[in-house]
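Each remark here refers to the structure printed beneath this line.
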Amino acid sequence: MNKARLLAGLILAAGILVTPASSQDMPKKDAAPKPAPSASEAVLAQWNDIGRKLIAMAEDFPEDKYDFKPTPAVQSFAQRLIHAAHANQFFINGVLGQKPPAEEDPKRSEFKNKTDVVMFVKKSFADGVAAIKAKGDKGMSDLVVDPFSNEQTRISDFAYGFVEHSGEIYGQLSVYYRSAGLVPPESRPKK
């Protein structure tokens, strides 16, 4: 009898798991698919998404924990944000035909408080948006020299490399949140 109930429960659970999503979640079968975004729209979507996540963390993390390190061997929360924002400048300067910034990240001491760090992060992503928009769709195929590899690369590929870099920083900062006993903004229940 218990085996029969267990089997019935498993079958019910399997049925629930393979049931398609509600019709509200599924696109209509006869609806025309949305057109693909243009080259610059696709880059902007990725750039803005990771920028939104890092800015949310920068704004949300408590100021009294900005110098928190999960272990002594790593940079602080603030230093990781500063690094991400500074790295964006390599992309921005490359796209705009300017010389790369200094290799060293700005020192934490250059930022008086959390507000200064948040502004630095916001500006780096806003400047990236402006550079991408300035190039437009046709400019996404233009070539720039990657200062790290001394290799020519398309602007769109260059941008995706920096989006990936910011994504890595985002993952690291998620661990900082958890290590500090906090929940990252993206992991909280949606209202």
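Can you give the angle from 0 to 90° between the axis of helix 39-60 and the longest principal axis of the chain, with both taken from C-alpha atoms, to the nearest 10?
That helix lies at roughly 90 degrees to the long axis.
Quick one: Karplus J couplings for the stretch 132-144, per residue in order, coefficients 6.51, -1.76, 1.60, θ = phi - 60°, nearest Hz, x for Gly and Pro?
5, 5, 4, 7, x, 4, 5, x, 5, 8, 4, 9, 10
Estimate the FRET efficiency between SER187 and MET119 by the formula 1/(1 + (r/R0)^6), using the beta-carbon distance for r and 30 Å for R0, to the nearest 0.05.
Given R0 = 30 Å and the Cβ-Cβ separation, E is 0.75.
Return the lysines within reach of LYS114: Cα separation strictly under 22 angstrom, same-chain partners fewer than 8 residues apart disregarded; answer none if there are no such residues.
Reachable lysines: LYS53, LYS65, LYS69, LYS122, LYS123.
For ARG108 and ALA130 in one chain, what is 0.36 nm times their gap in residues minus the Cα-Cα distance, to one decimal in nm?
Here the segment from ARG108 to ALA130 would lengthen by 5.3 nm.
Where Rh denotes the Kirkwood radius from the mean inverse Cα pair distance, what is Rg over Rh for the chain?
Rounded to two decimals, Rg over Rh is 1.13.
Please give the calculated 222 nm ellipticity per residue for the chain, where each DSSP H segment of at least 4 residues contributes -39500 (n - 2.57) and the sum is spread over every residue; nearest 500 deg cm²/dmol?
Here the helix-only value at 222 nm equals -20000 deg cm²/dmol.
If you take every residue apart from SER40 with its C-beta less than 13 Å away from the C-beta of SER40, what net charge results, scoring Lys and Arg +1 and Asp and Glu -1?
+1
May I ask you to sort GLU41, GLU103 by Cβ crowding, counting other Cβ atoms within 10 Å and putting the fewest first?
Ordered from fewest to most neighbouring Cβ atoms within 10 Å, GLU41, GLU103 come out as GLU103, GLU41.
For each of MET26, MET119, count neighbouring Cβ atoms within 10 Å of the residue's Cβ, then give the residues from fewest to most.
Result, fewest neighbours first: MET26, MET119.
Each reported figure results from applying straightforward, stated rules to the coordinates on display, with no laboratory input. Everything numeric in this text was worked out from a predicted model, so none of it was measured. No Cβ is skipped: glycine too gets one built from the backbone with ideal geometry, and neighbour counts run over all protein chains shown.
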